[in-house]
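The values are calculated or read from the model by the stated rules, or taken from the named source; none is laboratory data. Values in this document were obtained by computation on a predicted structure and should not be read as measured data. Note: ideal-geometry Cβ built from the backbone for every residue, glycine included; neighbour counts use all protein chains shown. Side chains included, ligands, DNA and RNA excluded: accessible areas come from the protein's heavy atoms. Shrake-Rupley method; radii C 1.70, N 1.55, O 1.52, S 1.80 Å.
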Amino acid sequence: MQKVIGRLGGCVPRVPPPAAFQRGGSRRKAGKRWGLCPPPARQFVEEGVRLCRPRALRLCDGSPAEGAALLSQLQAEGVLHPLPKYDNCWLARTDPRDVARVESRTVLVTERERDAIPPKPPGGGPQQLGNWMSPPAFEQAVQERFPGCMEEPLVSQWPCDPARTLVAHLPDQRRIVSFGSGYGGNSLLGKKCFALRIASRLARDEGWLAEHMLILGVTDPAGKKRYVAAAFPSACGKTNLAMMTPALPGWRVHCVGDDIAWMKFDAEGRLRAINPESGFFGVAPGTSMRTNPNAMLTVRANTIFTNVGCTSDGGVYWEGIDQPVRPGTTLTSWLGQPWTPGDPQPCAHPNSRFCAPANQCPIMDPAWEDPEGVPIDAIIFGGRRPEGVPLVYEAFNWRHGVFVGSAMRSEATAAAEHTGRRLMHDPFAMRPFFGYNAGQYLAHWLAVGEREGARLPRIFHVNWFLRDGAGRFVWPGFGHNARVLAWICSRVAGEDNAKTTPVGLVPREDALDLDGLPGVSYADLFPVSRPFWEKEARELRRYYEENFGEDLPKEVMGELSALEERVKKM
Ligand code: SAT
Ligand code: MN
């Protein structure tokens, strides 16, 4: 990009100082702020201006007044609609073609392909562990998209360019270049692009971990508190778990974050986690006072909703909101059309979202903004697995845990362009978010486990989504997941209450509290099936060979072989 801009540099005028944002605001003040910007930041902006040729340049100060002015401008332009039922809440309807992350157009730009992705699968199928773009191809892509792009007349209230969307990362330069989409994960660049893709590369270079994980604090009835980080693929109940109301008397949960964890060892060798985000960007459908009261209480003010439905009395509506609509109230779908319950199309888009400040969540942890982070005692991996995978198991050790993370699979979600209920591999829930070769990522996790003096968290795998023969969930989930957290805490405390299976350590029958759950049986929750695990291991071997090839660390392949051996003896 730098080179492209360099070439353009000679033929465009000097960048004018930015205009003050507020109407009537002082140009002098803005000019002063501009002068205070560090030279690299100014240079970055100037290059962008020369390339994109915007009508005006505004330097944001992040003040409440500026926020209010932006909101009213967006309302005047028809981008945002007020939701008067709540306090300072807004509805955005995107272009219906711009509703999710676009994995096929998300690329890592590196000199060598191998630095970005493992070797291409034999037979030339698409690499599932990311997309690589060469620097010359990237420069060409920039040339085809950016010059003068901000001079173009607006064609709708939601400018986007789905045919030319590109979300490019230049990890060597710690740089992100995004074009053509206004959807969260493609355009909120601090989130997936920086806090996961670029940060995972920083983390590898500097010896820490940037992960697609929620962070929660769990306190037992005796007052002992532990922190847990958990990785699930997008829209798999992460926000619900992060804000859970325990259904076990005396237990409490506090939320540190619902999507991303940066974890670093402290001087005592403990892994400490921070949430690098200041808000939640959660999936709306399915969120209700029953499933996630804390999320519902979080989004009553200062929230932007995207692609949800709305009610004629100025409220929001989505599938599973579980709130009666007052008589005489009419509904409008995310497409802006009249909608009535029973219509074949959903009222809200399945990937419709709320975007709300984290400090509005009633159960934020007192330490959620502590720059030292919170000490992590357990790491949980999980996925939507309708059959075969037990409710919970513990890895035998760190190396086995890395294998368990690499072997994660889950039913596809609405957060990306995939559809249907296909089981997808999603190692560490990072498949769409690796900032470098996924094989090297696994090697980095293994190296973290070898660190001298490290007091490593224990690693677990959970599956809230087992179904019975009739397709019904066998586990009540939600607040009852606290029962699983309780067992995890008991393991961290060193209790001898697990039994060994070929897959990992599971709770002994008396160690998991199932009191007051009629119809829930231990046997249903802990299926042990040799044919299932034989098939799973076969599929995993195929997946590793096709997608990681020779970049799969031999330790991970060794763990798969060890699993196969244990399964043979079942
Ligand atoms: O779709 S986003 O990347 O914006 C959010 C998510 O998947 O967690
Ligand atoms: Mn996510």
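Given a 1.4 angstrom probe, what's the average accessible area per residue across the range 262-364, in square angstrom? Before the final figure, lay out each step's value.
Values: 4510 Å² over 103 residues.
I get 44 Å² per residue for this part.
Here the scattering of the range 451-553 is modelled by Debye summation over its C-alpha atoms, one equal scatterer each and no solvent; at q = 0.24 Å⁻¹ the log10 of I(q)/I(0) is -1.34.
Please sort 63-76, 457-470 by packing, taking for each peptide the average over its residues of neighbouring beta carbons within 10 angstrom, highest first. All intermediate terms of the calculation are to be shown ahead of the outcome.
Values: 63-76: 12.7, 457-470: 18.9.
Output ranking for 63-76, 457-470: 457-470, 63-76.
Go through LYS238/LYS554; LYS192/LYS264; LYS499/LYS569 and tell me which ones have a Cα-Cα distance over 27 Å in this structure. Please report the intermediate quantities before stating the final value.
On the way: LYS238/LYS554 31 Å; LYS192/LYS264 19 Å; LYS499/LYS569 16 Å.
Check vs 27 Å cut-off fails for LYS238/LYS554.
Sequence-ordered 3J(HN,Hα) estimates for the range 367-374 from the Karplus curve with 6.51, -1.76 and 1.60 and θ = phi - 60° stand at 9, 5, 10, 5, x, 6, x, 10 Hz, glycine and proline given as x. Rounded to the nearest Hz, the phi-derived 3J(HN,Hα) couplings of the range 70-80 under the Karplus curve 6.51 cos²θ - 1.76 cosθ + 1.60 (θ = phi - 60°) are 4, 4, 6, 5, 5, 5, 4, 7, x, 7, 10, where x marks glycine and proline.
What a 1.4 Å probe finds exposed on the chain is 53% carbon and sulfur by accessible area, rounded to a whole percent.
Percent relative contact order of the range 244-396, based on C-alpha pairs within less than 8 angstrom and at least six residues apart? All intermediate terms of the calculation are to be shown ahead of the outcome.
On the way: 237 pairs, mean separation 45.9, N = 153.
Reported relative contact order: 30 percent.
Applying 0.36 nm per residue to the separation of GLU77 and ARG542 and subtracting their alpha-carbon distance, the gain on full extension is 162.2 nm. In sequence order, the range 291-304 has phi-based couplings of 7, 7, x, 5, 5, 4, 6, 6, 9, 7, 8, 6, 10, 9 Hz under the Karplus curve 6.51 cos²θ - 1.76 cosθ + 1.60, θ = phi - 60°, and Gly or Pro positions carry x.
Shape verdict for the range 306-386, please, from the Cα gyration tensor: rounded (a/c under 1.5), prolate (a/b greater than b/c) or oblate. Before the final figure, lay out the partial values.
Working: a/c = 3.21, a/b = 1.98, b/c = 1.62.
Judged from the Cα gyration tensor, the range 306-386 comes out prolate (a/c at least 1.5, a/b above b/c).
Ranked by the mean number of other Cβ atoms within 10 Å per residue, highest first, peptides 193-202, 511-520, 267-276, 294-303 order as 193-202, 294-303, 267-276, 511-520. Put a plus charge on the Cβ of each Lys and Arg, a minus charge on the Cβ of each Asp and Glu, and nothing anywhere else: the dipole of the range 240-380 about its Cα centre is then about 320 debye.
Ligands, DNA and RNA are left out, and with a 1.4 angstrom probe the accessible area of the range 466-569 is 49 Å² per residue.
Restricting the calculation to Cα atoms, the chain shows an Rg/Rh of 0.97 when the hydrodynamic-style radius is the Kirkwood one.
Rolling a 1.4 Å probe over the heavy atoms of the protein chains gives the range 122-219 an accessible area of 39 Å² per residue. For the range 316-411, the dipole from Cβ point charges (+1 on Lys and Arg, -1 on Asp and Glu) about the Cα centre works out to 380 debye, to the nearest 20. Amide H contacts for ASN463 (H built 1.01 Å from N in the peptide plane; partners 5 or more residues away or on another chain; cut-off under 5 Å): VAL392. Relative to the Cα centre, the charge distribution of the chain, modelled as +1 at Lys and Arg Cβ and -1 at Asp and Glu Cβ, gives a dipole magnitude of about 1220 debye.
As a ratio to 2.2 N^0.38 Å, the alpha-carbon radius of gyration computed for the range 268-338 takes the value 1.45.
With an 8 Å cut-off on Cα pairs and a minimum separation of 6 or more residues, tell me the relative contact order of the chain in percent.
Working: 1102 pairs, mean separation 86.2, N = 570.
About 15 percent, as a whole number.
Adding -39500 (n - 2.57) for every DSSP H run of four residues or longer, then dividing by how many residues the chain holds, sets the calculated 222 nm ellipticity at -8000 deg cm²/dmol.
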